[in-house]
2 protein chains.
Amino acid sequence: MLVGVPYHHGDLRRALLDTALLAVAEHGPAALSLRDVARRAGVSHAAPTHHFGDKAGLLTALATEGWTLLADALTESAEQNRSFAELGVAYVLFATTHPAHFAVMRAPGLVRGDDAELVAAQQRAGARLDAGAGRHDGGATSHTATTVLAAWSLVHGLSALLLEGMVSPEPGTDVATLARSVTTRLSPRS
Amino acid sequence: MLVGVPYHHGDLRRALLDTALLAVAEHGPAALSLRDVARRAGVSHAAPTHHFGDKAGLLTALATEGWTLLADALTESAEQNRSFAELGVAYVLFATTHPAHFAVMRAPGLVRGDDAELVAAQQRAGARLDAGAGRHDGGATSHTATTVLAAWSLVHGLSALLLEGMVSPEPGTDVATLARSVTTRLSPRS
DNA sequence: ACCCCATCTTTCCATTGACAAGATCCGCCC
DNA sequence: GGGCGGATCTTGTCAATGGAAAGATGGGGT
């Protein structure tokens, strides 16, 4: 019906992902409306269905993208810095600079947790944490497992508290220093 | 008003809360349907409106109840046990034994975060953590603040990872020992 | 030139949250 | 003890949503 607008969008899939990201940033993943995303992207309300199947499909695609970005961020941090604590800081910084992605990543009921690409992206990010923890306490792998868990819990929890608004950095300080003050509390050995 | 049996249904408000809890446990807070709750409770689809205003009202009431229960659990743990690490274990145990409450508690977009009773209940639980941390590192309060934050992040994160299904205890061990192995990694001084 | 098919639209339906107005029943006060 | 006020619950209605079905469009391969 809309004359002058090309029938075939250039890259509608990416446009929908970006639009959805904006909507999630505004009202959270739970309140995401497919029709609203379609409206903002200037397409019919059924266009997203073709690319993502349903709402869970769209959110799963966003979550997968998020885990991939997180894995990239952790990789970059590991290459620049030898410290395990800094890896945790990178985790928290990712969460606060990509709040929409992170919100979708930890919305279990809204995402298809058994999606193949999702699981692969999660494992890619998890491997980065494992590698960092291995350097942290050189020793036994069984000990390293709980090191990873403690570190992951710590940074995941801090990220969650920040995004849920339960905690915010003191005026004058930034998220990075707040995260650093917390991650350095983890003792390598118990 | 009406301390006894409020007219037709016994105590509809409590019945709706309990029913909503079941629904949340099954499909998460985001998928909660007011009409479904009303159906299960055997009342008309508009009955919940009178008690909670709207969907956010119902979830806010559940979140408030959850924070109150958490404060109670932390209080009980503090009375029985002097260890700060055990307070963290109690936090994680609360999250895993009341998954529906905990899920609603950390669903920021679905709950009215500025509700007076909600905020009061949150602060009551927070005060319990503060008290425990104060005993942990007797010293300067500015140092204690980051101790609380680190501990809270740790147990909040572990709870989240457990409920999101990203982590589960090894076969043969339970959540408590898993939590203990993690909370004991927190060094009292950095 | 032709046809296949991925892409996008239009139409339709059941469900949902919210509101308005009416019905039902309780406790209270005279 | 009888009506009155108000809390509790129901019925009716509306716009919006997610999803399915079927049609329109045009790009690209043969």
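For the pair A:Ala120 and B:His51, label points projected 7 Å from Cα toward Cβ lie 4.8 nm apart.
Shielding value for B:101-107 is 2, the average number of Cβ atoms from other chains within 10 Å of each residue's Cβ.
Rounded to the nearest 500, the 222 nm mean residue ellipticity of the protein assembly as shown from helices alone is -22000 deg cm²/dmol, with -39,500 (n - 2.57) taken per DSSP H run of at least 4 residues. Report note on the peptides B:93-106, A:49-62, A:108-121: ranked by the mean count of other C-beta atoms within 10 Å, highest first, their order is B:93-106, A:49-62, A:108-121. Sorted shortest first, the separations between the A:Asp174 label point and its copies elsewhere in the assembly read 4.6 nm; each point sits 7 Å from Cα along the Cα-to-Cβ line. Measuring heavy-atom accessible area with a 1.4 angstrom probe and counting protein chains only, the residues of the stretch A:14-35 that give up at least 30 Å² relative to the chain alone are A:Ala30. In degrees between 0 and 90, to the nearest 10, how far off the longest principal axis of chain B does helix B:55-80 point, with axes built from Cα atoms? It works out to around 40 degrees. Carbon-plus-sulfur accessible fraction, the protein assembly as shown (probe radius 1.4 Å, protein heavy atoms only): 56%.
In a solvent-free Debye calculation with one equal scatterer on each Cα, what is log10 I(q)/I(0) for the stretch B:64-183 at q = 0.10, 0.14, 0.16 Å⁻¹, listed in the order of the q values? So the normalised log intensities are -0.30, -0.59, -0.77. The simple Förster model, with R0 at 30 Å and r as the Cβ-Cβ distance, assigns B:Ser33 and A:Asp174 a FRET efficiency of 0.15. Shown for the stretch A:153-176: residues covered by the partner protein chains by 40 Å² or more of accessible area relative to the chain by itself (probe radius 1.4 Å), namely A:Ser153, A:Leu154, A:His156, A:Leu161, A:Glu164, A:Met166. Ligands, DNA and RNA aside, B:Ser181 has an accessible area near 40 Å² when probed at 1.4 Å.
Over the protein assembly as shown, accessible surface divided per residue gives 49 Å², non-protein components excluded, 1.4 Å probe. Compute the FRET efficiency between B:Arg112 and A:Arg112 as 1/(1 + (r/R0)^6), taking r as their Cβ-Cβ distance and R0 = 35 Å, and round to the nearest 0.05. Calculated transfer efficiency: 0.75.
Shape of the protein assembly as shown from the C-alpha gyration tensor: oblate (a/c of 1.5 or more and a/b not above b/c, with a ≥ b ≥ c the square roots of its eigenvalues). Sequentially through the stretch B:94-106, phi angles give Karplus couplings (6.51, -1.76, 1.60; θ = phi - 60°) of 4, 4, 7, 8, 10, x, 5, 4, 5, 4, 5, 4, 10 Hz, Gly and Pro residues having no value and appearing as x.
The values are calculated or read from the model by the stated rules, or taken from the named source; none is laboratory data. Values in this document were obtained by computation on a predicted structure and should not be read as measured data. Here the Cβ is made from the backbone with ideal geometry for all residues, glycine too, and neighbour counts use every protein chain on show. What goes into the accessible areas is simple: the full protein's heavy atoms, side chains included, and nothing from ligands, DNA or RNA. Shrake-Rupley method; radii C 1.70, N 1.55, O 1.52, S 1.80 Å.
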